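Student: After the structure tokens below, expect a handful of questions from me.
The values are calculated or read from the model by the stated rules, or taken from the named source; none is laboratory data. All values derive from a computational prediction rather than experimental measurement. Note: ideal-geometry Cβ built from the backbone for every residue, glycine included; neighbour counts use all protein chains shown. In case anyone asks, the SASA skips ligands and DNA or RNA and just uses the protein heavy atoms, side chains included. Shrake-Rupley method; radii C 1.70, N 1.55, O 1.52, S 1.80 Å.
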Amino acid sequence: MRAGRVKSDYQSNLAEGLNADYTNSGSYIAGHLGFGKIFQLNKTDTMDTYLRYFYTRTSGEEVNIHSNMNEEMFNFDSVNSHRLRIGARYYHALNERSKLYAGLAYQYEFGGEATATHDGLSAPSTSLKGSSGIAELGWKVTSNQKVPMTVDLGVTAWAGKQKGVMGRLKLSWAF
């Protein structure tokens, strides 16, 4: 489970001589539940298989959209996202504290529709509903027992409904 705030900044040249921008922020809550199994393939290699359900709710907000012609109030509704992901991650141990990994996953978004209104009229909605593929590569290093820290350096690429590339540098300290 997690909770926090998310902030968006938007700027666009909508047409010749017409510019618009807005900034909004809102709270979110999120959580996921997962099941998995790790298979020992040989002395240095393991396969981590999993099935995960993700839920995220982002709060709605009234936003003042500025343009060089006027200002308009829009009401962005809250967004609920339900996703199911199935995947596997292959680990190869370089030594007892360092390992490389590669993973593939399939994710399906069941909703994620974002809606907005202006003066009681609905704006066209967008949705994340659909399938995405995920590929990842990374390196994980665990320090010695005196300093229980783990470093995870990786890259994840998305294709399908969700598109993009994400870098990751994660530091974990166990106590």
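Student: On full extension of the chain, what length is gained from Phe54 through Ala88, given 0.36 nm per residue of separation minus the C-alpha to C-alpha distance?
Tutor: 10.6 nm
Student: Using a/c under 1.5 as the rounded threshold, could you call the stretch 37-98 rounded, prolate or oblate? The axes a ≥ b ≥ c are square roots of the C-alpha gyration tensor eigenvalues, and prolate needs a/b larger than b/c, oblate otherwise. Don't skip to the end; give the middle numbers.
Tutor: Numbers: a/c = 6.27, a/b = 3.07, b/c = 2.04.
Verdict is prolate for the stretch 37-98.
Student: Could you bin all the Cα-Cα distances of the stretch 80-175 into 5 Å bins starting at 0 and give me the percent of pairs in each, rounded to whole numbers?
Tutor: That works out to 3, 11, 15, 16, 14, 12, 10, 7, 5, 3, 2, 1, 0, in percent per bin.
Student: Return the sequence-ordered ³J(HN,Hα) values of the stretch 33-39 in whole Hz as given by the Karplus equation 6.51 cos²θ - 1.76 cosθ + 1.60 applied to θ = phi - 60°, using x for Gly and Pro.
Tutor: After applying 6.51 cos²θ - 1.76 cosθ + 1.60, I find 10, x, 9, x, 8, 9, 10 Hz.
Student: Please report, for the Cα atoms of the chain, the Rg to one decimal and the Dmax as a whole number; what are they, in angstrom?
Tutor: 21.1, 67
Student: Per residue, what volume in Å³ does the Cα convex hull of the stretch 1-71 take up?
Tutor: So the per-residue hull volume is 153 Å³.
Student: Multiplying the sequence separation of Lys146 and Asp119 by 0.36 nm and subtracting their Cα-Cα distance, what value in nm do you get?
Tutor: Between Lys146 and Asp119, full extension yields an extra 3.6 nm.
Student: Turning to a different aspect of this structure: In whole Hz, what ³J(HN,Hα) sequence does the stretch 58-75 give by Karplus (6.51, -1.76, 1.60; θ = phi - 60°), x for Gly and Pro?
Tutor: 10, 5, x, 6, 8, 10, 8, 8, 9, 9, 6, 9, 6, 10, 10, 8, 10, 10
Student: Put +1 on the Cβ of every Lys and Arg and -1 on every Asp and Glu Cβ in the stretch 16-175; which of Phe74, Ala157, Leu100 then has its Cα farthest towards the positive end of the dipole?
Tutor: Leu100
Student: Which cross-chain or sequence-distant (5 or more) residues have an amide H under 5 Å from the amide H of Ala123, H modelled 1.01 Å from N in plane?
Tutor: Ala116, Thr117, His118
Student: With label points built 7 Å along Cα→Cβ from the Cα atoms of Gln162 and Thr46, find their separation and express it in nm.
Tutor: It works out to 2.4 nm between the two label points.
Student: Farthest toward the dipole's positive end in the chain, which of Ser127, Asn24, Trp139, given Cβ charges of +1 (Lys, Arg) and -1 (Asp, Glu) about the Cα centre?
Tutor: Trp139
Student: Leu100: accessible area at probe 1.4 Å, nearest 10 Å²?
Tutor: Estimated to the nearest 10 Å², Leu100 gives 80 Å².
Student: Along the principal axes of its C-alpha atoms, what lengths does the stretch 87-131 span, in descending order and rounded to whole Å?
Tutor: 63, 18, 10
Student: Between the DSSP loop rule and a limit of at most 12 other Cβ atoms within 10 Å, which GluC sites (Glu not before Pro) in the stretch 1-108 are left?
Tutor: Listed in order of number, the matching sites are Glu16, Glu96.
Student: With +1 on each Lys and Arg Cβ and -1 on each Asp and Glu Cβ, how big is the dipole of the chain about its Cα centre, in debye rounded to the nearest 20?
Tutor: Magnitude of the dipole: close to 1420 debye.
Student: Across the stretch 162-171, in residue order, what do the Karplus-derived ³J(HN,Hα) couplings come to in whole Hz, using 6.51 cos²θ - 1.76 cosθ + 1.60 with θ = phi - 60° and x for Gly and Pro?
Tutor: Running phi through 6.51 cos²θ - 1.76 cosθ + 1.60 with θ = phi - 60° gives 9, 10, x, 9, 10, x, 9, 10, 10, 10 Hz.
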